[in-house]
Amino acid sequence: MKPRMKLLRSLILRPLRRDLPRTLLTVLSVALGVAVVVAIDLAGDAATGSFRSSMETLAGKTDLEITANGGVDERWIAALAALPVDARFSPVIETQAVLAGVGSVALYGLDLLNLAGAPNGLPRVAVSEALARALPVRPSAGTVLTLNLAGRPQRCEVAQLTPAGAAEFVAMDIADAQQVLARYGKLDRIDVSAAPGQDFAALEATVRHTLPAAYLVTLPGARNQENQRMLRAFRWNLRVLSYISLVVGAFLIYNTISISVVRRRAEIGILRAAGAARWMVLWMFLAEALLFGLTGGLLGLALGRILAAATVRLIAGTVNALYTTSRPAPVVLTWAETWLALATGAVVALVSAFAPAREAIQVPPTEAMSRGAHEHRARLAWKRALAWSAGFAAAAWASSQAGPWDGYPVGGYLAALLSVAAAATATPATVLAVNRATRTLVRRKVEGLLAARSLQSSLSRTSVVVAALATAIAMMASVGIMVGSFRQTVALWLDVQLRADLYVRAAAPAAAGVNPPLPPDIGAVLSAIPGVAAVDLFHALDLHYAGERATLGAGNLDVVRRYGRLRFLPGQNRDAILRSLSAGDGPNRAIVSEPFAIKHHIRAGDRLTIPIGPHMVALRVAGVYYEYSSSQGFVVVDNATLRRYLPGQPATNAAVYLAPGADAQKVRRQIQLRTAGMGISVAPNSELRRAAIEIFDRTFAITWALEAVALVVAMLGAANSLLALVLDRRREIGLLRYLGASPAQIRGMILTEAGLFGLLAAILGLALGFALSLLLIFVVNRQSFGWTIQFHPPGLLLAAALAAVWSVTLLAALYPARVAARLVPAEVVHEE
Amino acid sequence: MPAPRLELRGVSKSYANGGPPVEVLHEISLTAAAGSITALVGRSGCGKTTLLNLAGAMDFPTAGEVLIEGRSTSSLSESQLTALRRRRVGFVFQFFQLLPTLTVLENVELPLLLSRAPRSAGTALDRLRWVGLEDKAASLPYQLSGGQMQRVAVARALVHAPDLLIADEPTGNLDTTSGDQVLALLRESAARFGAAVLMATHSAEAAAIAGVRVSLKDGRIVAIDRG
Ligand SMILES: Nc1ncnc2c1ncn2[C@@H]1O[C@H](COP(=O)(O)OP(=O)(O)OP(=O)(O)O)[C@@H](O)[C@H]1O
Ligand SMILES: [Mg+2]
């Protein structure tokens, strides 16, 4: 043990200390990679982990939940209570209210008789203590609060403060809730809690048997699980993106260990001659990598914790906009996460160091191969590397053809990884080719000649750095192309989708899965306004289908047919489909959105059975239409079909089509005037379009942040490697000075080299980026979200990004260039 | 007698690496005229390389003056020094002469390229022919023998027709035949190109071609031997 430690100290640790800037750069790049992974994981947990209803603390433990789309009829409470079981059946209304100074909070209507019967006519509410603390003025019993319910102000009197941990909510008696929300006779759910001693299976069976088949009886965790399942594709994609920085970091460790091995070839030879075992040499270089991995992992953990706190709002915003309401929970760093971070750092370090470390043990004893000869051999290997590259590319293609695996686009991810490998192995050939192509150009200046030659002569090392930089650029380019294409697709789709001139909805905070009802007479009010040609009343209801959440929509499809532009998959006749849905005779028909069709393997002509209110309804799928607002999907029927099963269901949205020549502004004002006090918001289609694009951009903000980190890691790598190249070529640089090179020429040489690095990385990165974007668009996104994205590469953005990358590479080279220009020739030229 | 190409006037050099300064050269005075060959001899560590660096304006004296073509090196700016090296000084070393990434011809051409001189390739090829290695023009340095590398280095040191050729143990690493070839080239440098040659050497053969032999001991001149 002792001699080994001594060896480690002299061969690994001392050089690390001597090269402190480079050591720090390597550790920092690993740390950033780990930090991003940790941050995304922690922030994802915090942003999505808080669906658990905060009312558990208030109403006690729940054993079963009863729900139905369109609401649960409250008459079932009495029917259930009459059952010969020992259980409590509690009606629940759960909605969102806006409180000045706090924003959106949960509002529960529960059987809280102690709150009922206010003396002064105001409903009495219980406020959770956490919410009370968050309010600008801390309420006490008797304080009057104004809740904003779907746009309508509602004054309430605080009856009590309820201790409920960190949960923020307002609760009132169920009767009061139904009254203030105008939801007579309907509940959001019924919670069942069994008395001790009651046979649970029997209870569940009895309850199921009593209720209509379309009612959903689930365990309380089911909703949470459903939410997690709904979010898993989203979280996986974020997670995979976060691994990019790690891949880039892995390249850099590979590079650092390679440099370390090349520099110590002579020492390794001497050691081996002196009888050191191979495994001991291997162990030493792996120990060096492990040192980078563990220090980087530890630093990354701390950094990730900080980053998580900064990104949790961003992720929660996306979850809210796209999936379901959630309130971000505090970020919690668990032991599991800590070990994971350290293990990630260590594994990445060991894996990426293995190849160069193995090279180290293959150094034959006493043979201290010169760098020139070593690099010469590497140069000859480019053909073999290119063959590998072709193999990887073929494997990538094959893997991209595979279908999803348990809902995950595993083949797509694998193909992406194989593509990176293909690009990495194609790097040496590319370096040589670009060098050849630019030969006459760079020869014009001696700095160019020297830079190009040095790049070529340290091919194996250059290739790794170029590959790292190219991977970062490729990720940026591919995600840029994917997001740009997606954005353009969505924008075009919005143009088609939002054909109505004005859109009406309840003035409640917008969130996915929350569809507050409009007043019952809204259709009549809107139709009566001069200038209005047609009104399409739309109903959005929760739908649970095959264990996944979706939206059941009902609209006036005849209006949609005449005024709208809904687009169907190729080969489907829009007019005929919509006509058949609104015909009113024959079987019930529906159309489904593309993500729903892909997720559940449904095609036009298939039969689909879904719950509508208390009924299980069989529908024939007449067509599949393009839809980009939700990856959960829609099933849409005509209003007439919905009314058949859920009479009196209030509409949630209205689309107003104007008569030719009508003034949209005037009509909008008329609507506002005639619906004053109903808590309604009216927006022209341009505003909706803008809002949708805003949500889109906010959704992808986190993606850009991840990209930026990957790039920073790559930049650190570029600076790191250039510094290594400068230090290794000290004597050459000294010699050049003796031969009449000015410090400016030396600086120019290093900067030219950096410029070539950047150029090479840009070429390779762009090529790889295009390949990856195709994978993201046509494999990963399609399999995880079910969207058909049209290919629209954002040319200008890409050009700007590449220019930025290139400039930053040059910027990263400034320090190494300065070091090179300041070397004292008389000192370095006689070294060794 | 023409004005000396190189003149050292009472030059001293000391190094202070943290501790008290150590004097490695003490009040050296020396001149070298065009076409002359001067050999520096003495034990290892006596200060030969240090003196050559001072003479080639790659380092500066702590006391006294080094004059190249009558101008003190200490008074020149960085860009003037670069210009001086480009035009007036050529270097030959014992080890590590050539840039491994450049071809032989490019190595010879390098000083001209660095100073952006016109028609550099033609001149370089001329010099390469002079040292008898034109057929190796396209080779890479690792494909040459040590003696061939040294001849390429001499060709390079003379490619810009410097006034002053500084050679640090040019034959130290070579066998007798190669050494003789290099020495013949140095002699020709002085005779044909009119350079003032200043050479540090341990070898008697090398010292024999010099018109002046300067013996150093512990940084001091102990003898000057002409003839
Ligand atoms: N940068 C430096 N800092 C401190 N001392 C130095 C430095 N460079 C040289 N010396 C010292 O100056 C003295 C002369 O060194 P120099 O290299 O000139 O000797 P030399 O005569 O060329 O020897 P050799 O024949 O072995 O090449 C030596 O004692 C050396 O240790
Ligand atoms: Mg010496």
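What follows is calculated from the coordinates using simple rules that are stated; it is not laboratory data. Just so it is clear, the structure is predicted and the values come from calculations on it, not from any experiment. Virtual Cβ from ideal backbone geometry, glycine too; neighbours counted across all protein chains shown.
Starting with the fewest neighbours, write out B:Glu7, A:Glu168, B:Glu205 ranked by other beta-carbon atoms found within 10 Å of each beta-carbon.
Least crowded to most crowded, the residues run B:Glu205, B:Glu7, A:Glu168.
Would you mind checking which residues have amide H under 5 Å from A:Ile612's amide H? H placed 1.01 Å from N; only 5 or more apart, or other chain.
A:Val617
So if we plug the beta-carbon distance of A:Lys6 and B:Glu205 into 1/(1 + (r/R0)^6) with R0 = 35 Å, what FRET efficiency do we get, rounded to 0.05?
FRET efficiency, A:Lys6 to B:Glu205: 0.15.
I need A:Lys599, A:Lys383, B:Lys217 ordered by Cβ neighbour count within 10 Å, fewest first.
Values: A:Lys599 24, A:Lys383 10, B:Lys217 13.
Fewest to most other Cβ atoms nearby, the residues stand as A:Lys383, B:Lys217, A:Lys599.
Have a look at the DSSP beta bridges in chain B and tell me what percent are antiparallel, nearest 5.
55 percent
Could you compute the net charge surrounding B:Ile224? Neighbours are other residues with a C-beta less than 15 Å from the C-beta of B:Ile224; K and R count +1, D and E count -1. Before the final figure, lay out the partial values.
Details: positive: B:Lys48, B:Arg213, B:Lys217, B:Arg220, B:Arg226; negative: B:Glu7, B:Glu27, B:Asp225.
Counting the neighbours of B:Ile224, the net charge comes to +2.
Using a Förster distance of 60 Å, how high is the FRET efficiency between A:Val137 and A:Gln572, based on the Cβ-Cβ distance and rounded to 0.05? Spell out each step's value before the answer.
On the way: r = 58 Å, r/R0 = 0.96.
That gives a FRET efficiency of 0.55.
Between A:Leu441 and A:Thr788, what length comes free when the chain is fully extended (0.36 nm per residue of separation minus the Cα-Cα distance, one decimal in nm)?
Taking 0.36 nm per residue and subtracting the Cα distance, the gain is 120.5 nm.
Restricting to segment A:56-219, compute how many DSSP beta bridges are antiparallel as a %, nearest 5. All intermediate terms of the calculation are to be shown ahead of the outcome.
Values: 32 of 42 bridges.
For segment A:56-219, the DSSP antiparallel bridge percentage is about 75.
Between A:Ala533 and A:Ala390, what length in nm is gained on full extension when 0.36 nm per residue of separation is reduced by their alpha carbon distance?
45.4 nm
Starting from the Cα of B:Ala117, move 7 Å in the Cα-to-Cβ direction to define the label point; list residues of segment B:153-187 whose amide nitrogen is under 11 Å from there.
Answer for segment B:153-187: B:156-163.
Gain in length, A:Leu814 to A:Glu267, computed as 0.36 nm per residue apart minus the alpha-carbon separation, to one decimal in nm?
Values: separation 547, 0.36 × 547 = 196.92 nm, distance 3.16 nm.
Once the chain is fully extended between A:Leu814 and A:Glu267, it gains 193.8 nm.
What spacing in nm lies between the two simple spin-label points modelled at B:Arg71 and A:Leu282, each 7 Å away from Cα in the Cβ direction?
The answer from the label model is 6.1 nm.
When we measure straight from the Cα of A:Lys666, which aspartates and glutamates land under 17 angstrom away, once same-chain ones fewer than 8 places off are left out?
A:Asp501, A:Glu687
If you take every DSSP beta bridge fully contained in segment A:126-245, what fraction is antiparallel? Give it as a percent rounded to 5.
DSSP beta bridges in segment A:126-245 are roughly 75 percent antiparallel.
Across segment A:161-169, in residue order, what do the Karplus-derived ³J(HN,Hα) couplings come to in whole Hz, using 6.51 cos²θ - 1.76 cosθ + 1.60 with θ = phi - 60° and x for Gly and Pro?
Once rounded to whole Hz, the list reads 9, 10, x, 8, x, 8, 5, 10, 7.
Between A:Ala309 and A:Ala274, what is the FRET efficiency for a Förster distance of 51 Å, r being their Cβ-Cβ separation, to the nearest 0.05?
Plugging the Cβ-Cβ distance into 1/(1 + (r/R0)^6) gives 0.45.
With a sphere of radius 13 Å drawn around the Cβ of A:Pro356, what net charge do the other residues whose Cβ falls strictly inside it have (Lys, Arg +1; Asp, Glu -1)?
That sum, taken over residues with Cβ under 13 Å, equals +3.
Give me the one-decimal nm value for the distance between modelled label points at A:Ala182 and A:Trp335, 7 Å along each residue's Cα-to-Cβ direction.
5.5 nm
Straight-line reach from A:Lys383: which aspartates and glutamates have Cα under 17 Å away, leaving out those fewer than 8 places along the same chain?
Here the aspartates and glutamates satisfying the reach criterion relative to A:Lys383 are A:Glu375.
Between A:Val824 and B:Arg9, how many nm apart are label points set 7 Å from Cα along the C-beta direction?
About 2.6 nm, to one decimal.
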